[in-house]
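Worksheet: one structure, shown below.
The values are calculated or read from the model by the stated rules, or taken from the named source; none is laboratory data. Quantities reported herein were computed from a predicted structural model and do not represent experimental measurements. With ideal geometry, Cβ positions are generated from the backbone for all residues, glycine too; neighbour counts draw on all protein chains shown. The protein model used for the area step is the full one, side chains on, heavy atoms only, and it has no ligands, DNA or RNA in it. Shrake-Rupley method; radii C 1.70, N 1.55, O 1.52, S 1.80 Å.
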Amino acid sequence: MSVGHYENFPVASLLLPPKLREPVAVIYRFARTADDLADEGDAPRHTRLASLDSYKERIRSIAAGHTPQDPLFRDVARIIREHTLPPQLFADLLDAFTQDVTKQRYADYAEVLDYCRRSANPVGRLLLHLFKRTTDSELTRSDAICSALQLVNFWQDVDIDYAKGRVYLPQDEMAAHGVGERHLAERICDRAWQALMKYETERAKHLLLSGAPLGRALPGRVGLEIRATVQGGLRILEKIERAGYDVFRRRPVLRMLDWPLMLVRAV
């Protein structure tokens, strides 16, 4: 199951131990519905922000020991207490979704990574808390995987994000490669664009591989789930390269035939 920012995370996958599928599905449902508040429909900016503020207030209420009455947050409160999950990680996700409403350009890679820290890394950290594997090394590798997967999602969705008014490509790196917003508006895939995308995808690959040892460190099906997730990101990067970095006309996606290959590589 995969949608939007989370399409490179196998959510509630059959690879997970059965007892963890339900809390993972709750985390996904929370992230998906909150992301939709920022992205979907025609609501004006102030309405989107108010809705996200309401989500933030309910997370604060849960952190204070209360249980909201609506079904989603009742489930969130339950898994937070049953699995000792940090409420701040849910708040970080909401902070990132709020930023999607208010910020459309990123000056440099550091700004993009800071967004990833809140938009993607909390998902991996929540999973590690569910797995009861939260050493500094494990959290650091998880952050690398999650930030890299967010970057992969950005680079496969350049065209989609631009249609929403957002550019996640660092502005300074676009300028250094001779790429401007005209490339995005007119969907130009010239040598300058290809050089920029090659640079961005190779950096995402290195970041992803730096976290990959986490999949070998975690036992059994949990480790296999992580390894399969890493392979999903690597497969998308392969497809971007094979498309000549023309993500405008050949947006890479994972298809049914990709899964056997990814699982073989993961094993």
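Assorted remarks:
- The residues of region 171-200 that are open to solvent by 60 Å² or more (accessible area, probe 1.4 Å) and of a type in the set (A, V, I, L, M), listed by number, are Ala175, Ala176, Ala185.
- Residue in region 184-200 that is touching a Pro at 6+ places or on another chain (Cβ under 6 Å) and either farther than 30 Å from Thr140 by Cβ or touching a residue at least 60 places away in the same chain (Cβ under 8 Å) (or both) present: no
- Failed item, numbered, when Leu16 is tested on (1) modelled with pLDDT under 90; (2) buried (at least 19 other Cβ atoms within 10 Å of the Cβ); (3) under 30 Å from Glu200 (Cα atoms): (3)
- For region 143-198, a residue qualifies if it is closer than 17 Å to Tyr109 by Cα and β-branched (Val, Ile, Thr), and the qualifying residues are Ile145, Val152, Val158, Val167, Val179.
- Within region 108-167, the set of residues being over 17 Å from the mean Cα position of the chain (by Cα) and open to solvent by less than 40 Å² (accessible area, probe 1.4 Å) comprises Leu130, Phe131, Glu138, Gly165.
- Screening Glu82 against (1) free of Cβ contacts under 8 Å to residues at least 40 places away in the same chain; (2) assigned to a helix (DSSP H, G or I); (3) surrounded by fewer than 14 Cβ atoms within 10 Å (Cβ to Cβ) leaves a single unmet condition, (1).
- Among residues of region 101-117 that are of a type in the set (A, V, I, L, M), those with a beta-carbon under 7 Å from a residue that is open to solvent by 50 Å² or more (accessible area, probe 1.4 Å) and in a helix (DSSP H, G or I) at least six positions away or on a different chain give the pairs Val101/Arg45; Ala107/Gln171; Ala107/Asp172.
- So Leu94, is it at pLDDT below 95 and either open to solvent by less than 60 Å² (accessible area, probe 1.4 Å) or within 30 Å of Tyr245 (Cβ to Cβ) (or both): no
- Helices (runs of 4 or more DSSP H) within region 168-261 that include 1 or more residues touching a Phe, Trp or Tyr at 6+ places or on another chain (Cβ under 8 Å) and modelled with pLDDT under 90: 220-242
- Residues being open to solvent by less than 40 Å² (accessible area, probe 1.4 Å) and not in a helix (DSSP H, G or I) - total across region 46-79: 1
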